[in-house]
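Asks: Handing you a structure now.
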Amino acid sequence: MARLAITADSLTAANTLITEVEAERAEYLKEVGESQDATKTKDAAIAKMDDWMNEFYAGARIGLEDSPQLLEALGKVTTCKPTPLASTLASRTSLGTAKTCQRASKPSPANRL
């Protein structure tokens, strides 16, 4: 080994470095696995929350059918129909196709009988 200029101390130091690198690599792989598990848990929670929110919005669309402004407050756009007045105004201006949201008329209590 003297011919190659390698000493026992340099071999011992190299072995120590190899052991340290192996330990660090094992720690890195452990943390990668934990990160992947955390991502799977997070994705499952988001999917569950997304399902719940879809059901909530479906119920809100039914419950707030007569109050489109409240539905818009939840961030959901209501379906709008063009009205004759809005179409006439749009044709006279440069606004393009105008649409307004119309509320469904409720029958009055007198008409229910």
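Asks: For Thr19, what charge total do you get from the other residues with a beta carbon under 14 Å from its beta carbon, if Lys and Arg give +1 and Asp and Glu give -1? Walk me through the numbers before you get to the answer.
Replies: Values: positive: Arg25; negative: Glu20, Glu22, Glu24, Glu27.
Surrounding charge for Thr19 is -3.
Asks: Mind giving me the nanometre distance, one decimal, between the label points for Glu24 and Asp37, set 7 Å out from Cα along Cα→Cβ?
Replies: Here the answer is 2.5 nm between the modelled labels.
Asks: Same structure, new question: Going by average Cβ density within 10 Å per residue, which order do the peptides 71-77, 35-41 take, highest to lowest?
Replies: On the way: 71-77: 11.9, 35-41: 10.0.
In descending order of packing, they fall as 71-77, 35-41.
Asks: With θ set to phi - 60°, apply the Karplus curve 6.51 cos²θ - 1.76 cosθ + 1.60 along the range 37-49 and write out the HN-Hα couplings as whole Hz, x wherever there is a Gly or Pro.
Replies: Rounded to whole hertz, the list is 5, 5, 5, 4, 5, 5, 4, 5, 5, 5, 5, 5, 5.
Asks: Same structure, new question: How large is ³J(HN,Hα), in whole Hz, for each residue of the range 17-31 in order, when computed from phi with the Karplus curve 6.51 cos²θ - 1.76 cosθ + 1.60 and θ = phi - 60°, using x for Gly and Pro?
Replies: Karplus values, whole Hz, x for Gly and Pro: 5, 4, 4, 5, 5, 4, 5, 5, 5, 4, 5, 4, 5, 4, 5.
Every number here is computed from the coordinates shown, using simple stated rules; none is lab data. This is a predicted model, so every value here is computed, not measured. Neighbour counts run over all protein chains shown; Cβ positions are idealised from the backbone, glycine included.
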